[in-house]
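Trainee: Mind having a look at this structure? Questions to follow.
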Amino acid sequence: MCNSCSCGTNANTTTDVAIDESAATGLTVNTYTVAGMTCGHCVSSVSSEVGRIGGVTSVNVDLASGAVQVTSATPLDRETVRAAVEEAGYALARN
């Protein structure tokens, strides 16, 4: 359930992870698919929590597809991302 608004979002999620390490920029890009976000406030909550992770340089969330793209200066620990998404009221699916 979305903890930030009354949209009634269910916390069911699915996750696809793609990692693209760019030698040119030295940044790591991880893309997760999170289902269940239904409004801008849900997007804002996920962006805010994931953006607080140390080393994260940007978070882009596409509401329509549920894609959450996280760019970081160093590789991210999946459990750290999981905890941030859970703090926003969602859960990453096990792979």
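Trainee: Size of segment 18-87 along its principal axes in angstrom, Cα-based, largest extent first?
Mentor: 35, 21, 16
Trainee: A follow-up question, please. Report the local net charge at Ala88: Lys and Arg +1, Asp and Glu -1, summed over other residues whose C-beta lies under 14 Å from its C-beta.
Mentor: Every neighbour counted, the sum reads -1.
Trainee: Figure the gain on full extension for Glu86 and Ala67 (residue separation times 0.36 nm, minus the Cα-Cα span) and round it to one decimal in nm.
Mentor: Extending this stretch completely gives an extra 5.3 nm.
Trainee: For Gly55, which sequence-distant residues (separation of 5 or more, or a different chain) have an amide H within less than 5 Å of its own amide H, given hydrogens modelled in the peptide plane?
Mentor: Close amide H contacts, sequence-distant or interchain: none at all.
Trainee: Would you mind ranking Leu27, Leu76 so that the residue whose beta carbon has the fewest other beta carbons within 10 Å leads the list?
Mentor: Leu27, Leu76
Trainee: Karplus couplings for segment 53-64 from phi (6.51 cos²θ - 1.76 cosθ + 1.60, θ = phi - 60°), rounded to Hz, Gly and Pro as x?
Mentor: Once rounded to whole Hz, the list reads 5, x, x, 6, 9, 7, 9, 10, 10, 9, 4, 4.
Laboratory data are not the source of any read-out in this text; all were calculated from the coordinates shown. Just so it is clear, the structure is predicted and the values come from calculations on it, not from any experiment. Glycine gets a Cβ as well: all are built from the backbone with ideal geometry, and neighbour counts include every protein chain shown.
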